[in-house]
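The structure appears right after this line, and notes come after that.
The values are calculated or read from the model by the stated rules, or taken from the named source; none is laboratory data. This is a predicted model, so every value here is computed, not measured. Neighbour counts run over all protein chains shown; Cβ positions are idealised from the backbone, glycine included.
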Amino acid sequence: MEARPQVALSEAGVARAYKRLAPMYDVLFGRVLEPGRRRMAEVVRALQPASLLEIGVGTGLALAHYPPTSKIVGIDLSHEMLERARERARALPDRQITIEHMNAERTSFADGTFDCVTLPYVLSVTPRPAELVREIRRICKPGGTIVVLNHFSGSRFWWLMERAFRSAAEHVGFRSDFRYEEQILSHDWEVVGIESVNLLGLSRLVVLNNRRS
Ligand SMILES: C[S@@+](CC[C@H](N)C(=O)[O-])C[C@H]1O[C@@H](n2cnc3c(N)ncnc32)[C@H](O)[C@@H]1O
């Protein structure tokens, strides 16, 4: 397949895009991406991690589905998305949920803080995906679990979507051309599970062990 330049996203650009999207995010992307979120949360429930970090928590759509016993931290770049996540967290008063404004590419967490880190629909949105991967591997315990939920290019359907979306990608704040081989297989973590989720298998749920393979 021909090599194409990646769409360049910036921290300010992502914050701007999600400031605009926040009021309508749940209507546009709530239900359509929900099967993937539910399946991701099921995987996390089976693990019962004591500590869990959700990267790009957005409006907090997954929060209610995580294990009730986990101590959860959700971080995001967008204040407007986080306001909605905080509302959702307040509606779950018996849970231990902290919501913080933070760039996941350079967090303030110590090495090995979390048993599990989830990335629902964020890896293709962050300005520097490789930086984000480096940072989550640092703050996830060695041998801990990282769960990536994302679209990856390659299918015939995505081939059409890529062409439809590429020019608009910066406005919407995501990359449509995002290759599994480059973004997942190029790192030395261990892939322990992969499955297609969402309508037409649009997204993939990838479960990774944070050990150096
Ligand atoms: C497509 S939304 C996904 C929201 C939510 N996880 C969901 O399941 O719908 C992507 C979110 O990631 C956030 N984001 C993108 N890059 C980020 C980064 N480097 N650090 C923190 N949040 C980031 C955006 O602000 C946005 O809220």
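For region 106-122, the set of residues classified as at negative phi, in contact (Cβ under 8 Å) with a residue 40 or more places away in the chain and within 10 Å of the ligand (Cβ to nearest atom) consists of THR118, LEU119, PRO120, VAL122, listed by residue number.
Can you find a residue that is in a loop (DSSP other than H, G, I, E, B), at pLDDT below 95 and over 22 Å from TYR18 (Cβ atoms) anywhere in region 154-170? Checked region 154-170: at least one residue is in a loop (DSSP other than H, G, I, E, B), at pLDDT below 95 and over 22 Å from TYR18 (Cβ atoms). In this structure, is PRO93 more than 8 Å from the ligand (Cβ to nearest atom), farther than 21 Å from ASN209 by Cα and not hydrophobic (A, V, I, L, M, F, W, C)? For PRO93, the condition - more than 8 Å from the ligand (Cβ to nearest atom), farther than 21 Å from ASN209 by Cα and not hydrophobic (A, V, I, L, M, F, W, C) - is met.
To keep it simple, each residue is scored yes or no on (1) loosely packed, with under 15 Cβ neighbours inside 10 Å; (2) in contact with a His (Cβ under 8 Å, 6 or more places away or on another chain); (3) of a type in the set (S, T, N, Q).
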| residue | (1), (2), (3) |
| --- | --- |
| LEU21 | no, no, no |
| ARG37 | no, yes, no |
| GLN48 | yes, no, yes |
| ILE55 | no, no, no |
| GLY60 | no, no, no |
| ALA64 | yes, no, no |
| PRO68 | yes, no, no |
| ILE75 | no, yes, no |
| ALA85 | no, no, no |
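In region 50-105, counting only strands (runs of 3 or more DSSP E) that sit wholly within it, the ones holding 2 or more residues that are of a type in the set (S, T, N, Q) span 96-101. Of everything listed in (1) within 7 Å of the ligand (Cβ to nearest atom); (2) within 20 Å of VAL133 (Cα to Cα), the single unmet condition for ALA62 is (2). Taking the numbered list (1) at pLDDT 95 or above; (2) surrounded by fewer than 16 Cβ atoms within 10 Å (Cβ to Cβ); (3) assigned to a helix (DSSP H, G or I) in turn, ARG137 passes all entries but (2).
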